[in-house]
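Data block below; observations after.
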Amino acid sequence: MRCDAKTFAQMYETVYVDLYRFALCMMQNQQEAEDAVSEAVVAAYENIGKLKKPDAFRSWIFTIVSNICKKRLKKEAARRDYFGEETYVQAAYEDPDVGLAVDVRKAFFLLEEEEQTIVGLSVFGGYNSKEIGDALKMNPNTVRSKRSRALQKMECVLR
């Protein structure tokens, strides 16, 4: 796809709020979410030529944000492992909410990428199946089925 800066800005303007919400849900940190979205926008702009259809921009840039968030979360986990899991476990022991949040995050990242996107947009972002279906070019019934199966997977992990 050929795209100039103005066209890219117009397409980005239609999704930037949703991108930020999605990144915030994944990162659970405002600054990290902003950084992830910024990195994704740069990557999307640099690679816009790889996008075949302008209609796919929304799902394409959401995938980029999702991948960047995953990469950043892996780095965070590696840092946590490097500095010692004991400190982390102690914090979870002292505050049960921290432990639960960590368990939910781990269960979330065991899902397939598409499932993560659907659950993230639905549960964390507050979007309904029609809105998610529109964004991902999917039938709303399919979105509901995939969301339900993904949440069941997470429930099994959390038990």
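Residue by residue through region 13-29, which ³J(HN,Hα) values in whole Hz follow from phi under the Karplus form 6.51 cos²θ - 1.76 cosθ + 1.60 (θ = phi - 60°), with glycine and proline marked x?
4, 7, 10, 4, 5, 5, 4, 5, 4, 4, 5, 4, 5, 6, 8, 6, 7
Sorted by packing (mean other beta-carbon atoms within 10 Å per residue), highest first, where do 33-40, 152-159 land?
Put in order of decreasing packing, that is 33-40, 152-159.
Using 1/(1 + (r/R0)^6) with R0 = 35 angstrom and r between the beta carbons of residue 8 and residue 156, what's the FRET efficiency to the nearest 0.05?
Plugging the Cβ-Cβ distance into 1/(1 + (r/R0)^6) gives 0.25.
Using θ = phi - 60° and the Karplus form 6.51 cos²θ - 1.76 cosθ + 1.60, what ³J(HN,Hα) does each residue of region 58-72 get, whole Hz, x for Gly and Pro?
Each residue of region 58-72 in turn: 4, 5, 4, 6, 5, 5, 4, 4, 4, 5, 5, 4, 4, 4, 5 Hz.
If R₀ is 25 angstrom, what is the calculated FRET efficiency for the pair residue 141 and residue 30, using the beta carbon separation as r and rounding to 0.05?
Efficiency, rounded to the nearest 0.05: 0.15.
What is the distance, in nm, between label points placed 7 Å from the Cα along the Cα-to-Cβ direction at residue 104 and at residue 52?
Rounded to a tenth, the inter-label distance reads 3.8 nm.
Ordered by residue, what ³J(HN,Hα) values in Hz, to whole numbers, does region 136-148 give under the Karplus form 6.51 cos²θ - 1.76 cosθ + 1.60, where θ = phi - 60° and Gly and Pro are x?
9, 6, 9, 5, x, 5, 5, 4, 4, 5, 5, 5, 4
Every number in this text was worked out from the coordinates using simple rules, so none of it is lab data. Note that the structure is predicted; figures quoted are calculated from it, not measured. Ideal geometry is used to build each Cβ from the backbone, glycine not excepted, and the neighbour counts take in all protein chains shown.
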